[in-house]
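Visitor: Take a look at the following structure, please.
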Amino acid sequence: MAAVGAALKKIAVAILSNPRNWKTIGGIILGIIIVVVTPFAAILALFSGNIEVNPDRLTEIIAENLTEEQNSRLQMINDTMTEVEEKLDERDLSEYKVHAEVLYLFFLVDKSEDENFVMDFVRCFRENSSNERIIARVNRKFDTEIELEEFEKMITSINGARLSADGMIDPTVKNSTDLVFWCKRACDNGWGYVYGGYGQLCTEEYLDRQAQLFPGDNEAGGQMRTVGEKWIGKRVVDCIGLIKSYAWYDPESGEIIAGSNGFTDCGANSIWNNVTESGEISSMPDTPGLAVWMDGHIGVYVGKGEVVEAQGTNEGVVKTQLSSRSWTKWLKIPNIEYESEESSYAGSQTESSRQTSTASRQESRSG
């Protein structure tokens, strides 16, 4: 029953993370049983409302009410999803596990017994793939008609509930490798830009609040208040907020807690107050996880000559070429551990030592 419980938890988390929650425990039981025997679309019209549910107790209740046939189907779902996740890990595509779970549980369960289903499904995920490309490959391969907007709403709902540590090498230690992973995932997931943001889910209310805090046209107020509406339903950051979102991430709760983990508030310019190692951009070591800086703006070097940066309200979080932007300096981010590197992006040999430092000055956000 442990394997069945794992499958139930996957389904429960996905359903309970949707904004359309459930009125009664009985409704939840019925809804999840329907997931086992019918498409997800049939569930969304059944209930609305809000309650808090203990997923472990929910699992027990559902397991007690399932027939032998339904238990068998859940076992198949669990086994298939476990195999999919293992294959994604093998291909260094762990960041797409949530995407795979949503697509499989809500759209592809009935394809499980197709010959070579797991490999065909896993091949739909490739490095740096956009949601649009993933959906296009799945629809083409499995002759489905999954709508991108519907899929992205599901992903947004789940991501809005909890940020997963899946794919990180060590969630308990703030390190440069996981920082790079975090920034790439933010880019792949289409995070937006709102001035003062550090990973919040964007809503009308949040935009109004930020516009009051930062009323300037080039901040969150003025015309930027309207432009920011394109990011509703997405997580949003500003340039330094992208770094803060990782620095303040708590893997236990899956939440971003401002001021936590020894990294207090700072701006793109004031971060220099606590930097212990930096240099001109021409001397930058080829060390993924270093920050790159220009006056009033900051990004994260992710390797192979590329930078992930929260560029602006219009652009959101994007990947750019290091050489195509006007970066002037590089720096090691306070409170991030770096592995030693001997290669240099500029061609010189610069070895950076492993270090941990703590940002301790607080200021209004910049970038």
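The values are calculated or read from the model by the stated rules, or taken from the named source; none is laboratory data. Remember, predicted model here, so these are calculated numbers, not experimental data. Cβ coordinates were reconstructed from backbone atoms using ideal geometry, including for glycine residues, and neighbour counts include every protein chain displayed.
Visitor: Answer yes if at least one residue in the range 273-281 is buried (at least 23 other Cβ atoms within 10 Å of the Cβ), in contact (Cβ under 8 Å) with a residue 24 or more places away in the chain, of a type in the set (Gly, Ala, Ser) and in the same structural domain as Ser323 (by TED's automatic domain parsing), and no otherwise.
Guide: Checked the range 273-281: no residue is buried (at least 23 other Cβ atoms within 10 Å of the Cβ), in contact (Cβ under 8 Å) with a residue 24 or more places away in the chain, of a type in the set (Gly, Ala, Ser) and in the same structural domain as Ser323 (by TED's automatic domain parsing).
Visitor: Considering only residues that are touching a helix residue (DSSP H, G or I) at 6+ places or on another chain (Cβ under 7 Å) and touching a residue at least 24 places away in the same chain (Cβ under 8 Å), which ones fall in the range 120-134?
Guide: Result: Phe121, Val122, Phe125, Asn128, Asn131, Ile134.
Visitor: Six or more apart or on different chains, Cβ atoms under 7 Å: show the pairs whose first residue is in the range 139-162 and within 23 Å of Gly233 (Cα to Cα) and whose second is surrounded by fewer than 15 Cβ atoms within 10 Å (Cβ to Cβ) and at pLDDT below 75.
Guide: Ser157/Pro19
Visitor: Okay, moving on. Just to verify a result, which residue in the range 196-219, among those that are closer than 14 Å to Ile232 by Cα and part of a loop (DSSP other than H, G, I, E, B), is modelled with the highest pLDDT?
Guide: Of everything passing the filter in the range 196-219, Gly197 is modelled with the highest pLDDT.
Visitor: Additional query: Residue pairs, Cβ under 7 Å, 6 or more apart or interchain, first in the range 288-314 and closer than 13 Å to Ile243 by Cα, second among the polar types (S, T, N, Q). List them.
Guide: The qualifying pairs are Gly289/Ser176; Gly289/Thr177; Trp293/Thr328; Val307/Thr320; Glu309/Thr320.
Visitor: Of all residues in the range 293-340, how many are under 29 Å from Thr226 (Cα atoms), under 23 Å from the mean Cα position of the chain (by Cα) and hydrophobic (A, V, I, L, M, F, W, C)?
Guide: Of the residues in that region, 7 qualify.
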